Amino acid sequence: MNFQEFDATLEQMFALNELSLQLQENQRKQLFEAMNIILEKNKVMNLTAICSEGEFIARHWVDALTAVDLIPQGASLLDVGTGGGILAIAYAVARPDIKVLAMDSTAKKTDFVAECAAKLGLKNLRVISGRAEELSKDKKFRESFDVVTARAVAAMPVLSELCLPFAKVGGIFCALKGKNGAEELAQAAKAIKTLGGRLKEDKFISLREISGGDVISSDRHLLIIEKNSKTPGIYPRRYAQITKSPL
């Protein structure tokens, strides 16, 4: 797929999913280059199960960008469990006004994201390697971010304990979830309240793409949690405790 084909497909997917986001040509080229870099690296490192360029555009870029309007102007954003950096890269490209920090416990993955950001010239994207439950105890990171995001990391009760401690009071935690998002949200109600959050919105999205000439859709939920009070100092617990006995 060349850039012209990529650009046409991206525009088609934006229209199909009613995304009004306007990207400059250099931003679209950055997404094109990032896709190619990720898919090439995916041959030797497990970054994504999606290998088709068309699916990548719909299921990664468009899926990620459904949440881009939730990010306030000039915000600081932390992407927890960034993996191959899909969310972090998408937001850094689409929103040059924000500062993005991509976090993952696997140094090889954060090294890759940093390398990718350098190749794309993304000066608003940095990385850090470490475990969320440990880094959130560090005063440099605890309750320091306007927006915290996570996608395909853990079930919502576990994810809330890993992510909410990073969000400022008045900030938001946005979890990008699949078809079971509403069920996960219900299971996490106690955890969210305990950790100082409250549900702002469960935004349902039917993500559309074209496959074999047909339009197919898959259910998505953007779970938007507002941080309305400080997270008690005892949280997060050790990861083994979080997973063994979710709040």
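The values are calculated or read from the model by the stated rules, or taken from the named source; none is laboratory data. All values reported here derive from a predicted model rather than from experimental measurement. As a convention, Cβ positions derive from the backbone with ideal geometry for all residues, glycine included, and neighbour counts pool all protein chains shown. When the accessible area is computed, the model is the full protein with side chains, heavy atoms only, and any ligands, DNA or RNA have been set aside. Shrake-Rupley method; radii C 1.70, N 1.55, O 1.52, S 1.80 Å.
For the chain, build the charge dipole from Cβ charges (+1 Lys, Arg; -1 Asp, Glu) around the Cα centre, then report which of Leu120, Ile242, Trp61 sits farthest towards its positive end.
Ile242
Using the basic label-point model (7 angstrom from Cα toward the beta carbon), what is the Lys203 to Lys137 distance in nanometres?
Placing both labels 7 Å beyond Cα along the Cβ direction yields 3.4 nm.
Which log10 I(q)/I(0) values, to two decimals, does the chain give at q = 0.11, 0.15 Å⁻¹ under the Debye formula with one point per Cα?
These q points yield log10 I(q)/I(0) values of -0.55, -1.03.
For a quick check, take a GNM of the chain with Cα springs below 10 Å and name the residue from Leu222, Leu195, Leu16 with the largest mean-square fluctuation.
The residue that fluctuates most here is Leu16.
Taking a threshold of 27 Å on the Cα-Cα distance, which of the pairs Lys29/Lys109; Lys99/Lys140; Lys119/Lys179; Lys29/Lys99; Lys108/Lys200 fall above it? Don't skip to the end; give the middle numbers.
Details: Lys29/Lys109 23 Å; Lys99/Lys140 15 Å; Lys119/Lys179 34 Å; Lys29/Lys99 20 Å; Lys108/Lys200 35 Å.
Beyond 27 Å between Cα atoms: Lys119/Lys179; Lys108/Lys200.
Which of Glu209, Glu183, Glu55 moves most in a GNM of the chain, Cα contacts under 10 Å?
Glu183
Please give the charge dipole size of the range 1-117, origin at the Cα centre, charges +1 on K and R Cβ atoms and -1 on D and E Cβ atoms. Round to the nearest 20 debye. Walk me through the numbers before you get to the answer.
On the way: 9 positive and 16 negative charges, 71 e Å.
That gives a dipole near 340 debye.
Please label the shape of the range 61-113 as rounded, prolate or oblate, based on the square roots a ≥ b ≥ c of the eigenvalues of the alpha-carbon gyration tensor (a/c under 1.5 means rounded; beyond that, a/b larger than b/c means prolate, else oblate). Present the calculation step by step, with values, prior to reporting the outcome.
On the way: a/c = 2.29, a/b = 1.66, b/c = 1.38.
It is prolate, given that a/c is not under 1.5 and a/b is the larger ratio.
Leaving out ligands and nucleic acids, and using a 1.4 Å probe, what accessible area per residue does the chain come to in Å²?
Accessible area per residue, the chain: 46 Å².
Hey, any idea what % of the range 185-247's accessible area is carbon plus sulfur with a 1.4 Å probe? Spell out each step's value before the answer.
Details: 1820 of 3660 Å².
Here carbon and sulfur together make up 50 percent of the probe-accessible area.
Would the range 43-185 count as rounded, prolate or oblate if I go by the C-alpha gyration tensor, calling it rounded below 1.5 in a/c and otherwise prolate when a/b exceeds b/c, oblate otherwise?
On the way: a/c = 1.31, a/b = 1.16, b/c = 1.13.
Here the range 43-185 falls in the rounded category.
Taking all protein chains as present, what is the carbon and sulfur share of the accessible area of the range 1-58, in % to the nearest whole number, probe 1.4 Å?
Working: 1410 of 3170 Å².
Its accessible area is 45 percent carbon and sulfur atoms.
Any idea how far the Cα center of the range 118-162 sits from the one of the range 24-65, in Å?
21 Å
On full extension of the chain, what length is gained from Thr243 through Asn36, given 0.36 nm per residue of separation minus the C-alpha to C-alpha distance?
Values: separation 207, 0.36 × 207 = 74.52 nm, distance 3.51 nm.
Stretched out fully, the Thr243 to Asn36 stretch lengthens by 71.0 nm.
Test of understanding: what is the full-extension gain from Ile234 to Ala186, defined as 0.36 nm times their sequence separation minus their Cα-Cα distance? Kindly include the intermediate steps, with their values, before the conclusion.
Values: separation 48, 0.36 × 48 = 17.28 nm, distance 2.31 nm.
Going from the current span to full extension adds 15.0 nm.
Give a residue-ordered list of calculated ³J(HN,Hα) values for the range 165-174 (Karplus: 6.51 cos²θ - 1.76 cosθ + 1.60, θ = phi - 60°; whole Hz; x for Gly, Pro).
Whole-Hz 3J(HN,Hα) from phi for the range 165-174: x, 7, 7, 5, 5, x, x, 9, 10, 10.
Compute a Gaussian network model of the chain, connecting alpha carbons closer than 10 Å, and tell me which residue from Pro232, Pro96, Pro165 fluctuates the most.
Pro232
Quick one: net charge of Gly181's neighbours, Cβ under 11 Å, K/R +1, D/E -1?
Net local charge, Gly181 excluded: 0.
Return the long-range amide H neighbours of Ala75 (sequence gap of 5 or more, or a different chain), with a cut-off of under 5 Å between placed amide H atoms.
When sequence neighbours closer than 5 places are left aside, the close amide H contacts are Lys99.
How would the range 1-104 be classified by its alpha-carbon gyration tensor: rounded, prolate or oblate, with rounded meaning a/c under 1.5 and the a/b versus b/c comparison settling the rest? Walk me through the numbers before you get to the answer.
On the way: a/c = 1.73, a/b = 1.08, b/c = 1.61.
Taking the square roots of the gyration eigenvalues as a ≥ b ≥ c, the range 1-104 is oblate.
So what's the net charge close to Ser52: Lys and Arg +1, Asp and Glu -1, counting the other residues with Cβ under 11 Å from its Cβ? Let's see the in-between values first.
Details: positive: Arg59; negative: Glu53, Glu55, Glu209.
Around Ser52, the surrounding residues sum to -2.
What does the charge add up to near Lys230, with Lys and Arg as +1, Asp and Glu as -1, over the other residues with Cβ less than 11 Å from its Cβ?
Details: positive: Arg142, Lys168, Lys227; negative: Glu143.
Net local charge, Lys230 excluded: +2.
Kindly list the residues of the range 41-60 that lie in the label zone of Glu5, defined by a backbone N under 11 Å from the point 7 Å along the Cα-to-C-beta vector.
It comes to 53-54, nothing else.
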